[in-house]
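The values are calculated or read from the model by the stated rules, or taken from the named source; none is laboratory data. Predicted model, so just to flag it, every value in this text is computed and none were measured. A quick note on method: Cβ atoms are made from the backbone with ideal geometry, for glycine too, and the neighbour counts reach across all protein chains shown. All accessible areas refer to the heavy atoms of the entire protein, side chains included, with ligands and DNA or RNA removed. Shrake-Rupley method; radii C 1.70, N 1.55, O 1.52, S 1.80 Å.
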Amino acid sequence: MTYQQLAKIYGYDPVTVSRDWKSRGLDISQSDDEIYQWVTDNILIPLRGQTDLREETQKEQLRLARAKADIEEMEADLKRKNLIEVDYVTETLSGYFHQLKTMLRGIPNTTYIELFASEDANHLRIILRDKIDEVLRDIGSYEYEEEEDENGLSESEENDSHFERIGTGNITTRESTSK
């Protein structure tokens, strides 16, 4: 049997048979029955496995059902206020870290006289350590206070009403203390 004959029998391009099938282990010097068996095992059966539409359809239906269940769970968590908007978290953390950066960068301005008056490097290190610890304690006791807008709503109340209008846009989970 030749590559040309195999290509004609199975409807493949002769180049595919001679290059790809050969590189995958086809030995054209075998008997016709062995060649047919090799084609069945290595070419045809894998193709059949790839085209099981019923199984693929069931997998996609299961994936869709899971997605719908996840959306319903997110909506329930949203109503229980266990979800918060990603943009809100990002904005709040950015403000917090900006304040931290500002306070840390302000250390030289508030302690430069003490630093200049320090007697040696060890004393300078102690002054800086104490001042950094003080700033970290101050920022660690930072309590977020929501500002009310002109409608009398706080930012989180505004976000709650925004969630009700937009559904489940960019949302992340918040640790629930009731669990």
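When residues of region 53-87 are filtered for being free of Cβ contacts under 8 Å to residues at least 12 places away in the same chain and open to solvent by less than 60 Å² (accessible area, probe 1.4 Å), how many remain? Total satisfying the criteria: 4. Considering region 12-46 alone, what residues qualify as being of a type in the set (G, A, S), assigned to a helix (DSSP H, G or I) and surrounded by fewer than 11 Cβ atoms within 10 Å (Cβ to Cβ)? Once the filter is applied, which keeps residues that are of a type in the set (G, A, S), assigned to a helix (DSSP H, G or I) and surrounded by fewer than 11 Cβ atoms within 10 Å (Cβ to Cβ), region 12-46 yields only S23. For E119, the conditions (1) in a helix (DSSP H, G or I); (2) at pLDDT below 85; (3) open to solvent by 80 Å² or more (accessible area, probe 1.4 Å); (4) not polar (S, T, N, Q) all hold with the exception of (1).
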